[in-house]
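**Q** Have a look at the structure that comes next, please.
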Amino acid sequence: MKPIRDHARSWWQHRIEQVRAEPERGDVPGWVMVTLMTAGLVVLIWALAGEALSQVFQTAMDRVLGA
């Protein structure tokens, strides 16, 4: 029977080989960039059209509530 240390080492080696064999595991920096760019666009749109969007929302709520 293998000592526990050897068993753990072989498990990690096996896991590393699995990860290396799967090249399509995702692109974390790419997702971070997409998230930040989306947040930037939301802030930009809100800054440029915030008042108009608020007015559209208020008008819609007034119509729904019958005011």
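**Q** Quick check: anything in region 7-16 assigned to a loop (DSSP other than H, G, I, E, B), at pLDDT below 90 and surrounded by 10 or more Cβ atoms within 10 Å (Cβ to Cβ)?
**A** Checked region 7-16: no residue is assigned to a loop (DSSP other than H, G, I, E, B), at pLDDT below 90 and surrounded by 10 or more Cβ atoms within 10 Å (Cβ to Cβ).
**Q** Taking region 20-65, which residues are surrounded by 10 or more Cβ atoms within 10 Å (Cβ to Cβ) and either basic (Lys, Arg) or at pLDDT below 90 (or both)?
**A** Of everything in region 20-65, those that are surrounded by 10 or more Cβ atoms within 10 Å (Cβ to Cβ) and either basic (Lys, Arg) or at pLDDT below 90 (or both) turn out to be Asp27, Trp31.
The values are calculated or read from the model by the stated rules, or taken from the named source; none is laboratory data. All values derive from a computational prediction rather than experimental measurement. Note that each Cβ is placed from the backbone with ideal geometry, even for glycine, and that neighbours are counted across all protein chains shown.
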